[in-house]
Amino acid sequence: MTKSDRGRRAPSLEHVAGNGLINRRALLGTGITLAGAAGAGAVATGAAAEPVQNGKWSMEFGGLTPAIQSPSPFEKAVTRTLSNPNNEPRNSHARTPHHLLAGTITPNGQHFSINHAGIPNIDPAQHKLVIHGMVKQPMEFTLESLSRYPLVTRTAFVECAGNSAPMFSNEPIQTTAQNIHGLVSNSEWAGVPLSVLLDEAGIDPKAKWVLAEGADAHLLSRSIPTKKMYSDAIVAIYQNGERLMPGNGYPMRLLVPGYQGNMNVKFLRRLKAVEQPAYTYFETKAYSQILPDGRTMRFNFLMQVKSFITAPSFGHTMKGPGFYAISGVAYSGAGRIAKVMVSADGGKSWGEAALQGPINPQAFTRFTMPWKWDGQPAVLMSRAWDETGAAQPLRADFVAARGQTKTPVTNPLAFPNQHYNSMTNWAIGANGEIKHVYV
Ligand SMILES: Nc1nc2c(c(=O)[nH]1)N[C@H]1C(S)=C(S)[C@@H](COP(=O)(O)O)O[C@H]1N2
Ligand SMILES: [Mo]
């Protein structure tokens with residue numbers, strides 16, 4: 001019996017869609033067998049295998065165990081892309097390298113960051129959060145006093161409304177998932193529910209909005225519906241188990257799961273209960289979207305269902321035909337991910353990807369699709385559905401509703417528009433090269 005005979009015998013290698021997509025059930029506990037059977041490039045070990053050799057690291061006492069550790073020097077290419085590396089007095093963006101990461105939690109050093117006036121160096125001993133306006137009892141909190149409340153822990157993505165903006169280009173921009181989709185990240189946040197703090201202050205039922213303000217130089221402020229504050233907003237003080245990173249809002253930030261990133265006010269210093277939205281710069285001029293007929297969409301808070309394949313993707317090279325696990329992230333501001341479909345033939349046929357649990361609402365869900373690449377051209381696509389039944393729109397439908405540029409966007413850091421949530425497709429060439437294509 002040859003190796004490929006053994007592979008064929010496994011029921012798990014049943015194809016579910018064109019161009020080599022394999023039933024996701026193949027992933028249930030048989031990953032290694034599957035990879036071996038389909039030829040993932042791992043060398044089979046057996047009697048003929050070389051005995052393990054000692055590298056030089058096995059022959060000498062190792063390095064210092066440091067007080068705080070950072071990634072291996074061999075991983076130094078795994079960094080964020082910066083839009084303002086010299087800190088000129090304008091906004092700065094740092095994008096998450098999705099094509100070089102796996103799992104669902106974004107490491108703190110790789111969490112995307114947008115700062116419109118630099119990162120303030122806040123002394124937590126001097127920082128205060130004030131709750132005032134239409135409340136019975138104005139309140140003042142410090143990091144220390146907030147830390148004494150019972151904290152809730154939850155995983156949530158934060159996504160800038162401008163994430164994926166290069167996808168508004170009329171021609172596909174040739175760049176990485178990092179540059180296209182790097183303005184979304186996913187963390188485990190711990191903090192105090194707004195429901196607790198607003199109840200304590202005794203918010204007036206007529207206060208339908210809460211104005212949130214940050215302590216950085218431009219005092220970014222956004223009006224948030226009180227209803228959202230009560231449903232699931234928190235004042236976050238921990239990010240993936242440690243205090244917030246300075247670029248992600250140290251010492252405290254607002255977390256409004258599933259809503260525009262901009263509403264997640266960092267360096268939070270003020271919450272004012274008000275009757276009407278304040279119509280601030282960031283909810284009128286910025287973070288409102290221009291429609292094809294010239295009108296502007298305002299108070300468009302929800303980040304809708306989206307997915308993108310992180311591997312294989314632009315910037316990777318295929319290492320020859322055989323087994324691959326197509327992998328990506330899916331998320332929705334409206335709730336949990338219900339289903340992700342993957343195509344390897346440019347949308348002619350689709351197979352359902354395996355979702356890795358736990359599937360949390362308003363959080364990344366990792367999907368995987370086993371695939372046997374035959375070395376021929378293929379177009380990989382993913383499409384997600386959330387628990388409300390909403391699906392990622394097809395590009396033609398999306399462009400009809402939201403428009404696209406007249407000339408190609410070549411700068412991956414440009415922002416032609418906002419709230420893009422259609423699909424991203426990667427074309428695999430017979431030479432193993434990967435391009436970004438529209439379907
Ligand atoms: N105070 C303050 N809050 C802010 C910002 C800012 O510049 N200052 N940037 C906003 C924007 S535009 C986004 S998309 C999110 C990004 O959150 P992150 O930097 O933690 O990824 O923070 C928002 N909150
Ligand atoms: Mo943003």
So how do 210-221, 118-129 stack up, highest first, on mean other-Cβ count within 10 Å? 210-221, 118-129
What pairs in Lys228/Lys435; Lys206/Lys266; Lys128/Lys339 have C-alpha atoms more than 31 Å from each other? Lys228/Lys435; Lys128/Lys339
Which of rounded, prolate or oblate describes the stretch 129-297 when judged by the alpha-carbon gyration tensor and an a/c cut-off of 1.5? oblate
Among DSSP bridges having both ends in the chain, what percentage is antiparallel? Round to the nearest 5. 90
Given contacts defined as C-alpha pairs under 8 Å and at least six residues apart, what's the relative contact order of the stretch 129-297, whole-number percent? 28
So what is the relative contact order of the chain, in percent, for Cα pairs below 8 Å that sit 6 or more residues apart? 19
From the Cα gyration tensor of the stretch 207-264, with a ≥ b ≥ c the square roots of its eigenvalues, which class applies: rounded if a/c is under 1.5, or else prolate if a/b is larger than b/c, or else oblate? oblate
Is any residue of the stretch 99-143 close enough, with backbone N under 14 Å, to a label point placed 7 angstrom from the Cα of Ala286 along the Cα-Cβ axis, and if so, which? 113-120
Listed by chain and number, the residues whose amide H is under 5 Å from that of Lys339, excluding neighbours fewer than 5 places away on the same chain and using placed H, are Trp385
Plugging the Cβ-Cβ distance of Phe74 and Met245 into 1/(1 + (r/R0)^6) at R0 = 30 Å yields, to the nearest 0.05, a FRET efficiency of 0.80
Spin-label zone in the stretch 230-265 - amide nitrogen under 18 Å from a point set 7 Å from the Cα of Asn84 along the C-beta vector: 246-250, 261-265
Among Ile131, Ser164, Ala177, which residue has its Cα positioned farthest towards the positive end of the charge dipole of the stretch 110-182, with +1 placed on the Cβ of Lys and Arg, -1 on the Cβ of Asp and Glu, and the dipole taken about the Cα centre? Ile131
Arranged from highest to lowest average of other beta-carbon atoms within 10 Å per residue, in what order do the peptides 313-319, 153-159 appear? 153-159, 313-319
Cα-projected label distance for Phe299 with Glu14, points at 7 Å along beta-carbon direction, nm: 5.0
Is the stretch 306-437 rounded, prolate or oblate when judged by the Cα gyration tensor, a ≥ b ≥ c being the square roots of its eigenvalues, rounded requiring a/c under 1.5 and prolate requiring a/b larger than b/c? oblate
Listed highest first by mean packing, meaning other Cβ atoms within 10 Å per residue, what order do 279-290, 55-66 come in? 279-290, 55-66
Added length on full extension, which subtracts the Cα-Cα distance from 0.36 nm per residue, Asp123 to Glu50: 20.6 nm
Once phi is turned into ³J(HN,Hα) by the Karplus curve 6.51 cos²θ - 1.76 cosθ + 1.60 with θ = phi - 60°, what whole-Hz value does each residue of the stretch 131-142 show in order, with x for glycine and proline? 10, 8, x, 7, 10, 5, 9, x, 10, 9, 10, 10
Whole-angstrom gap from the stretch 96-145 to the stretch 356-396, using each part's C-alpha centre: 30
Could you pull the accessible area for Leu151 with a 1.4 Å probe, rounded to 10 Å²? 70
Mean separation of Cα contacts under 8 Å (at least 6 apart) over the residue count of the stretch 143-201, i.e. the relative contact order in percent, is 49
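The values are calculated or read from the model by the stated rules, or taken from the named source; none is laboratory data. Everything numeric in this text was worked out from a predicted model, so none of it was measured. Here the Cβ is made from the backbone with ideal geometry for all residues, glycine too, and neighbour counts use every protein chain on show. Protein only, heavy atoms only, side chains kept; ligands, DNA and RNA dropped before computing areas. Shrake-Rupley method; radii C 1.70, N 1.55, O 1.52, S 1.80 Å.
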